[in-house]
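So the structure is just underneath, and the comments pick up after that.
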């Protein structure tokens, strides 16, 4: 049972960033990524599941993540995604950009 | 990165089914995991799964988006559309067949015409570096047009070669010329022992030594002319044979090199054979039998001196533009050179100039044009004819496209429900339109393929038809292949047609009122109104064009039938035009010609001999004549009227030779026709027109004999009316004036042979040979009947046959169109028919209703076509104002009610039948079934 949370509309770019970050530690399948993001953000961010997979496939096509079939906890096979070297680089770039952006916005908001 | 991208796309393309399966599996996994999570919250499994689905959102959309991210969706959609289109088209094979054939035929016809026109007039001659080869053309003060514009003198050629700065090379070539060639009888004999056969006719061309080498033509046997040849007149008696000539007259003899061919009196040795693909440099587009050097001209054409006469314009000049030189620059340079040349060689130098080539024939400019097979392709008249032809054939295409449009409209309307369902299921309008357009494109492409096949074939046929009355060699047929340009043209036309006519139905179809469309299953009664107007317009247009074609064809056929029984009014079967010998020295020329005439006149086989400046039925002199009217006004001055008339200089024996009766007065006396007396004989028609039947003998007339020159003549006789300008009608007006021995150079002899014509011709030839050993004009004694008359009749035949063909095509297409439209209308209105009949209408009532609706555009169209045909007929009639022009109808009335109304009625009857068949079928359907019809 999920509590009624305010869902933030995630821009496509941000979703990409979150996915990349989630995959930094280990390889996961799509559902696990969705759960992880939700978990860590303490239910603030709930990924629209319908846009997750298109995003994953897009990233895969761009070469930032790669996919492999593996055995899941259900015993069935599932598609596991992991970061590529290019993906790691992209993650750094995007994180930095994001931080710069939020800092700037924060400063503007804090100004007297 | 790009190659990686491409690789992925290719992979996606090839493995798309596998990738789809995997995607499905992946998404299913997600759903199962979510369901499991939901179950943990104590829901029953079914509910958990449903919740998981809801949480996910639209699985279809996610799948679609994932697919799209592969980057090949556009391509995949296209493939899918194509497959679907093919399926749909297979479902209605008759429609597809009709549509494809209609398009193919219409476009193919256009393409054939375009191929021929392009090959003949647009494409440069097929030689080395054809983009840079140009032909020189000169323009006269007198405004004279035609072949003479391409004539230059050898001296000019040498002058230009030496002093120009714009051409990398210049080539000179004579016009094709008939010569008497004797071939060795015994093919296997050595040259020294060769026995030569009798002289036969061959076409020859004299060229500069660099002709073949500059044009990049390598011989298939032997060699071509060398640079060191062609330096000294008469020193290099060598010929190169053309491929067809070598094949036909020498049997493709592989040891032909070194054999002797006699041209006239001189023995020439064969040095090589041109390759099969070489068809000469055109203008006129004749493939000659052999080429020799221009320096051999005194041997090939004895008695003339082209090499040393600076104002004797005998040869054509072609040239290759130097690198970086534009046509404009070349033109400017050559014009300047020509001025210098003219300055150095003023007109008085030309002793050989006849009276007509007076000083007013000065050259005003020299221009440069791309060298094509035909000369004078820049001529506005040529262009006008081409445009006219293409417009006519284009009309046939219009009919075809109208057909197609109607059929497409019909089909589209019938698919309302299908489209509505697809839209309801979530297809985007864009996608739907793309799919409809693809269908039409497939049709168009198939049509284009048929068109290409047709044009491959059609251009040959067309060329053969043109050959009939233009008299060219068939070597050119093989040169007419549909080139890349034609292919592009065809493709563009098919695609354009498909898009154009597919667009409207596609637009209309993809915007239906969904609920209505689904309910009514495709027959929304109210919506048909504006579409039926368009349909009616298309049908009406088709019928109008068909009527026009049909009537014009009918008129021409009428004329053709009349032409077979036409009688020129004078002797043509035993009358032979004879070209008199020619000598550059005018004094000697005259005496030689007189001698020849005298000798021929003495021959027993020659019944009569006369000479004239224009050979009847071959050429005409059209000019103006001013008649002094009898009525004097109050002041006692006479008024005058000026008429157009044909005229001719004739000798005293003319009327007797041709068998033209002198009705009033007398003919000329031999003295008068020696001195060129100022007397004239008029034709009966002219007498009637000008003097209203009063006796014109003794009256004075003024005839325009030069550009601004009028001469007075006194009428001494009236001759009967004949058809000497052309075979199609009596000369509307004719003035005969006597010849003068001072102008013997301008005249042709006309002999009337009695008894065996072959013996007569042989006798004449012998006489000509004997009159002066060196002089021997080319011999082609063809009677007027076999020559001039035949060629005019053949021309009429060709025109008529073409018109009939086009009319037939238009009629066929129009009938199909009418049938198709009616069939569609009927199928759409089956329910309506059912209601009518259920409410008590009889079969006939319904039939009448449908026929009335279907025939309305037909009748209107036929009426329009009739009016247009009247216009065309009137135009043909208007041309007759010019005295020398041809009456294509051969005297048939221009408004012939039988032809006009008869054919229009025929067309209407055919259309009625085409309407009747499907309409009748509809009325036989049971009303109950019709009402229930979905």
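The values are calculated or read from the model by the stated rules, or taken from the named source; none is laboratory data. Computed from a predicted structure; not experimentally measured. Methodologically, a virtual Cβ is constructed for each residue, glycine included, from the backbone with ideal geometry; neighbour enumeration extends over all protein chains shown.
Among the residues of segment B:666-699, those that are closer than 27 Å to residue B:574 by Cα and part of a strand (DSSP E or B) comprise B:680, B:681, B:682, B:683.
Is it the case that some residue within segment B:704-711 is crowded, with 22+ Cβ neighbours inside 10 Å and modelled with pLDDT under 90? No, that holds for no residue. Within segment A:41-51, the set of residues being out of contact with any helix residue (DSSP H, G or I) (no Cβ under 8 Å at 6 or more places or on another chain) and within 8 Å of another protein chain (Cβ to nearest Cβ) comprises A:48 only. If you check residue B:60 against the conditions, is it within 12 Å of chain A (Cβ to nearest Cβ), under 58 Å from the mean Cα position of the chain (by Cα), surrounded by fewer than 17 Cβ atoms within 10 Å (Cβ to Cβ) and part of a helix (DSSP H, G or I)? No: the conditions fail for residue B:60. Scanning segment B:265-287 for residues being touching a helix residue (DSSP H, G or I) at 6+ places or on another chain (Cβ under 8 Å), crowded, with 20+ Cβ neighbours inside 10 Å and in contact (Cβ under 8 Å) with a residue 60 or more places away in the chain gives a total of 7. Taking the condition more than 12 Å from chain A (Cβ to nearest Cβ), in a helix (DSSP H, G or I) and in contact (Cβ under 8 Å) with a residue 24 or more places away in the chain, does residue B:103 pass? Answer is yes for this residue. Applying the criterion of being more than 9 Å from chain B (Cβ to nearest Cβ) and buried (at least 18 other Cβ atoms within 10 Å of the Cβ) to the residues of segment A:68-93, the residue that is nearest to residue B:30 (Cα to Cα) is A:80. Set side by side, the residues B:378, B:430 differ, and just one is surrounded by fewer than 19 Cβ atoms within 10 Å (Cβ to Cβ), modelled with pLDDT of 70 or more and out of contact with any helix residue (DSSP H, G or I) (no Cβ under 8 Å at 6 or more places or on another chain), which is B:430. Quick one: is residue B:141 in contact with a helix residue (DSSP H, G or I) (Cβ under 6 Å, 6 or more places away or on another chain) and surrounded by fewer than 15 Cβ atoms within 10 Å (Cβ to Cβ)? The answer is yes for residue B:141. For segment A:1-40, the candidate set comprises residues that are more than 13 Å from chain B (Cβ to nearest Cβ) and at pLDDT below 80; within that set, the residue that is surrounded by the most Cβ atoms within 10 Å (Cβ to Cβ) is A:10. Among the conditions (1) closer than 28 Å to residue B:60 by Cβ; (2) in contact with a helix residue (DSSP H, G or I) (Cβ under 8 Å, 6 or more places away or on another chain), residue A:60 misses just one, which is (2).
The number of residues in segment A:60-85 being part of a helix (DSSP H, G or I) and modelled with pLDDT of 90 or more comes to 1. Contact map, segment B:1-14: first residue within 12 Å of chain A (Cβ to nearest Cβ), second residue in a loop (DSSP other than H, G, I, E, B), Cβ cut-off under 6 Å, separation 6 or more or different chains; pairs are B:9/B:71; B:9/B:72; B:12/B:70; B:12/B:72.
Among the residues of segment A:52-67, those identified as in contact (Cβ under 8 Å) with a residue 40 or more places away in the chain and either more than 7 Å from chain B (Cβ to nearest Cβ) or over 20 Å from residue B:8 (Cβ atoms) (or both) are A:55, A:59, A:64, A:65. Once segment B:38-57 is narrowed to residues that are at the interface with another protein chain (Cβ under 8 Å from one of its Cβ atoms) and in a helix (DSSP H, G or I), the residue that is farthest from residue A:52 (Cα to Cα) is B:55.
The single condition among (1) surrounded by 13 or more Cβ atoms within 10 Å (Cβ to Cβ); (2) without any contact (Cβ under 8 Å) to a residue 40 or more places away in the chain that residue B:88 does not satisfy is (2). Whenever a residue of segment B:65-83 is within 12 Å of chain A (Cβ to nearest Cβ), it has no partner that is not in a helix (DSSP H, G or I) lying with C-beta atoms less than 9 angstrom away and at least six residues away or across chains.
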